[in-house]
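The values are calculated or read from the model by the stated rules, or taken from the named source; none is laboratory data. Bear in mind that the values here come from a model prediction, so they are computed numbers and not experimental data. FYI the Cβ positions are ideal-geometry reconstructions off the backbone, even for glycines, and counts take in every protein chain you see. Side chains included, ligands, DNA and RNA excluded: accessible areas come from the protein's heavy atoms. Shrake-Rupley method; radii C 1.70, N 1.55, O 1.52, S 1.80 Å.
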Amino acid sequence: LMSPRVSDELPEALQADAAGFIAALPASVVLPAGTGKTHLLAATASTIAAHSGRVLILTHTNAGVFAINNRLKRFGVGRGDAHVATITSFSFRLARAYPVLGELIVPKVMVPADSPAYVRAATRVISAAHIKAVLAASYTHVLVDEYQDCNVDQHQLVLALRGAVGQMGILGDHLQAIFGFSDPLPDWEDVGADFPEHTDIDPQPHRWKGHNEKLGAWLLQVRDRLKPGATLNL
């Protein structure tokens, strides 16, 4: 590796968390809302870029792409160091480029209702040995944000990507899942088996710093009482 060039914007504690996460890959990080998940993702990408790596970052929404790109820019990560896309747009481009491998003819303009078909086709494309080689040559790491909202097909796509680029990290919080009404979500225990949880990060309620700090602390404490079988006394 070349000498690192970590951005001065990264606090030492955040640099240490990012380095620890990278060392644990393939792995998952579970962080509640407001505790710095996007900060950690961007810091991880910055650390990867500082060691001459290139990272593919996938998320679910265009708003998520915008937020991540803003954070990457703040941490000095250039466009050549990281590529951020939604899972659907990444799948669409891959499926459209390889219709034979994907077994799907994809139109020039993405049809949102056909997103599941794009994801399944992209998974078939990634399974090809020469496509794996291209991805491995293009990216050193893959990070997936808001993993609690990945459905079963998207999880299979991610596993296929891991087969091409082994250094993969996922971030999310299974207590925040907002999708899964029509498409089944993978069991979180299965996700943890594929991406063992990296627990060496102490979540802090950053969103409530300077205001409602007691509420932020309580929200962290109450999580165990929100799990199946537990009781929450309001």
task: Could you figure out which of (1) within 26 Å of Leu175 (Cα to Cα); (2) without any contact (Cβ under 8 Å) to a residue 24 or more places away in the chain; (3) open to solvent by 50 Å² or more (accessible area, probe 1.4 Å) isn't true of Arg71?
output: (2)
- prompt: Only one of (1) under 28 Å from Asn70 (Cα atoms); (2) open to solvent by 20 Å² or more (accessible area, probe 1.4 Å); (3) of a type outside the set (A, V, I, L, M, F, W, C) fails for Asp145. Which number is that?
  reply: (2)
- line: If we take the range 16-89, then strands (runs of 3 or more DSSP E) inside it with 2 or more residues that are within 16 Å of Ile201 (Cβ to Cβ) and touching a strand residue (DSSP E or B) at 6+ places or on another chain (Cβ under 9 Å) are 27-30
- prompt: From the residues in the range 208-224 that are in a helix (DSSP H, G or I) and either aromatic (Phe, Trp, Tyr) or on the phi > 0 side of the Ramachandran plot (or both), which one is surrounded by the most Cβ atoms within 10 Å (Cβ to Cβ)?
  reply: Trp208
- request: Name every residue in the range 9-39 that is aliphatic (A, V, I, L, M) and modelled with pLDDT under 95, in order of residue number.
  value: Leu10, Ala13, Leu14, Ala16, Val30, Leu31, Ala33
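Would you call Thr44 within 12 Å of the chain's Cα centre (by Cα) and surrounded by 21 or more Cβ atoms within 10 Å (Cβ to Cβ)?
Numbers: within 12 Å of the chain's Cα centre (by Cα): yes; surrounded by 21 or more Cβ atoms within 10 Å (Cβ to Cβ): yes.
So Thr44 passes the test.
How many residues does the range 116-141 hold that are open to solvent by 20 Å² or more (accessible area, probe 1.4 Å) and not in a strand (DSSP E or B)?
Matching residues across the range 116-141 total 16.
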query: When you look at Ala193, is it more than 18 Å from His60 (Cβ to Cβ), at pLDDT below 95, out of contact with any strand residue (DSSP E or B) (no Cβ under 8 Å at 6 or more places or on another chain) and in a helix (DSSP H, G or I), yes or no?
result: no
- request: Please identify the pairs in which a residue from the range 142-157 that is in a loop (DSSP other than H, G, I, E, B) has its Cβ atom under 6 Å from the Cβ atom of a residue that is among the small types (Gly, Ala, Ser) and open to solvent by less than 10 Å² (accessible area, probe 1.4 Å), counting only partners at least 6 apart or on another chain.
  value: Glu146/Gly172
message: Take the conditions surrounded by fewer than 17 Cβ atoms within 10 Å (Cβ to Cβ), over 22 Å from Leu40 (Cα atoms) and more than 13 Å from the chain's Cα centre (by Cα) and apply them to Asp153. Does it pass?
response: no
message: Out of Val77, Val55, I need the residue that is in contact with a His (Cβ under 9 Å, 6 or more places away or on another chain), in contact (Cβ under 8 Å) with a residue 40 or more places away in the chain, among the hydrophobic types (A, V, I, L, M, F, W, C) and buried (at least 23 other Cβ atoms within 10 Å of the Cβ). Which one?
response: Val55
- request: Would you mind stating whether Leu94 is at pLDDT 95 or above, farther than 28 Å from Glu189 by Cβ and in a helix (DSSP H, G or I)?
  value: yes
